[in-house]
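The structure under discussion appears below in the form of structure tokens.
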Amino acid sequence: MTSPETPSDQRLDSQSPVAGRAILVGVSGGVAAYKAAQFVSKLAQQGANVSVVMTAAAEKFIQPATLAALSGKSVTHSLFDPRFPLGAHIELARQAELLCVTPATADILAKFAHGLADDLLSTLYLCATCPVVVAPAMNVEMWQKPAVQRNIAQLREDGVQIVGPEEGWLSCRTRGAGRLVEPEKLLLHVNELFASRPPSPN
Ligand SMILES: Cc1cc2nc3c(=O)[nH]c(=O)nc-3n(C[C@H](O)[C@H](O)[C@H](O)COP(=O)(O)O)c2cc1C
């Protein structure tokens, strides 16, 4: 058993490439939003400095309290948050070494691809200078829609890393492409990304 004197950081995996790295996890409103909780927990266990931004639709699927507890920080969802006098989109984007959106809805992908900025996550994306990873998840018909595929192609061209989706069971009770990658696979991708980008010495 860990003694009460043990600093909590000693229980974290400080050898992980994500340890100490500032990772902003964006959660948009799909059924797979519950899997963001596992992803955030795994990042925290590997010692990452995780902050979470949720869209209004994401909060219909998973409570911010869960992600706040797992990340150890309040979740941000409003552009107009008094904790960020310069604007949450600017302050959070400046701190981030990675923006990782999981799940990424068809809607948030379209906003990113077209430069819309009508909520915190989409505005933050426009301010972000760090790498951006998105993990799309949606119904197979949505995923196959030419408009969605055009947006994905545009995001690739813009340098966004797209992880998944995979084929498998979908919550609309069919099988097909559109299933969110498992949190372990996304974590592996993020670890590889940081392993190739060591922290800059300052
Ligand atoms: C039950 C239910 C499940 C949904 N699942 C998805 C989904 O998996 N992927 C998706 O792109 N949209 C899904 N949607 C639609 C989004 O919630 C909707 O497009 C919303 O505007 C997304 O907002 P956001 O991108 O700001 O989070 C779902 C809607 C409902 C009611």
Among what's in region 63-92 and is free of Cβ contacts under 8 Å to residues at least 60 places away in the same chain and surrounded by 19 or more Cβ atoms within 10 Å (Cβ to Cβ), pick the residue that is farthest from residue 159 (Cα to Cα).
70
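Identify, from the list 168, 176, the residue that is touching an Asp or Glu at 6+ places or on another chain (Cβ under 8 Å), over 14 Å from residue 35 (Cα atoms) and modelled with pLDDT under 95.
Working: 168 fails: touching an Asp or Glu at 6+ places or on another chain (Cβ under 8 Å).
176 is the lone residue from the list that is touching an Asp or Glu at 6+ places or on another chain (Cβ under 8 Å), over 14 Å from residue 35 (Cα atoms) and modelled with pLDDT under 95.
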Quick count over region 120-149, residues being over 15 Å from residue 53 (Cα atoms), of a type outside the set (A, V, I, L, M, F, W, C) and within 9 Å of the ligand (Cβ to nearest atom), is 2
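Residues of region 156-169 being within 20 Å of the chain's Cα centre (by Cα) and under 19 Å from residue 185 (Cβ atoms), which ones? Working first, answer last.
As a first pass, look at region 156-169 and keep what is within 20 Å of the chain's Cα centre (by Cα): 156-166.
Hits for region 156-169 are 156, 160, 161, 162, 163, 164, 165, 166.
Only one of 109, 187 is in a helix (DSSP H, G or I), within 12 Å of the ligand (Cβ to nearest atom) and buried (at least 18 other Cβ atoms within 10 Å of the Cβ); which? Walk me through how you get there before you give the answer.
Values: 187 fails: within 12 Å of the ligand (Cβ to nearest atom).
The match here is 109.
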Collect the residues in region 20-62 that are in a strand (DSSP E or B), out of contact with any Cys (no Cβ under 8 Å at 6 or more places or on another chain) and surrounded by 20 or more Cβ atoms within 10 Å (Cβ to Cβ), keeping them in residue-number order.
27, 50, 51, 52, 53, 54
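Would you confirm, using the coordinates I've provided, whether residue 112 is closer than 30 Å to residue 147 by Cα and among the aromatic types (Phe, Trp, Tyr)? Step through it out loud before you land on a result.
On the way: closer than 30 Å to residue 147 by Cα: yes; among the aromatic types (Phe, Trp, Tyr): yes.
So residue 112 passes the test.
Scan region 83-106 residue by residue and report those that are more than 16 Å from the ligand (Cβ to nearest atom) and of a type outside the set (Gly, Ala, Ser). Break it down stepwise before answering.
Step one: of region 83-106, the residues more than 16 Å from the ligand (Cβ to nearest atom) are 83-87, 90-98.
Correct list: 83, 84, 85, 86, 90, 91, 92, 94, 95, 97, 98.
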Do we find that residue 158 is more than 15 Å from the ligand (Cβ to nearest atom) and over 28 Å from residue 46 (Cα atoms) in this structure?
yes
Just one listed residue, out of 15, 10, 45, is out of contact with any strand residue (DSSP E or B) (no Cβ under 9 Å at 6 or more places or on another chain) and either on the phi > 0 side of the Ramachandran plot or at pLDDT 95 or above (or both), and it is 45
Those residues of region 18-42 which are more than 12 Å from the ligand (Cβ to nearest atom) and either in contact with a strand residue (DSSP E or B) (Cβ under 8 Å, 6 or more places away or on another chain) or on the phi > 0 side of the Ramachandran plot (or both), in sequence order:
20, 21, 22, 23, 24, 25, 39, 40
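Going by the conditions given, is residue 97 surrounded by fewer than 19 Cβ atoms within 10 Å (Cβ to Cβ) and either of a type outside the set (Ser, Thr, Tyr) or closer than 24 Å to residue 118 by Cβ (or both)? I'd like the intermediate steps shown before the answer.
Numbers: surrounded by fewer than 19 Cβ atoms within 10 Å (Cβ to Cβ): no; either of a type outside the set (Ser, Thr, Tyr) or closer than 24 Å to residue 118 by Cβ (or both): yes.
For residue 97, the condition - surrounded by fewer than 19 Cβ atoms within 10 Å (Cβ to Cβ) and either of a type outside the set (Ser, Thr, Tyr) or closer than 24 Å to residue 118 by Cβ (or both) - is not met.
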Quick one: is residue 151 at pLDDT 85 or above and under 27 Å from residue 96 (Cα atoms)?
yes
Counting just the residues of region 112-127 that are without any contact (Cβ under 8 Å) to a residue 40 or more places away in the chain and assigned to a loop (DSSP other than H, G, I, E, B), which one comes out surrounded by the most Cβ atoms within 10 Å (Cβ to Cβ)?
117
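Can you pull out every residue in region 166-184 that is among the polar types (S, T, N, Q) and part of a loop (DSSP other than H, G, I, E, B)? Can you show your working first?
Applying the first criterion (among the polar types (S, T, N, Q)) to region 166-184 yields 171, 174.
Passing the criteria: only 171.
The values are calculated or read from the model by the stated rules, or taken from the named source; none is laboratory data. Bear in mind that the values here come from a model prediction, so they are computed numbers and not experimental data. Cβ coordinates were reconstructed from backbone atoms using ideal geometry, including for glycine residues, and neighbour counts include every protein chain displayed.
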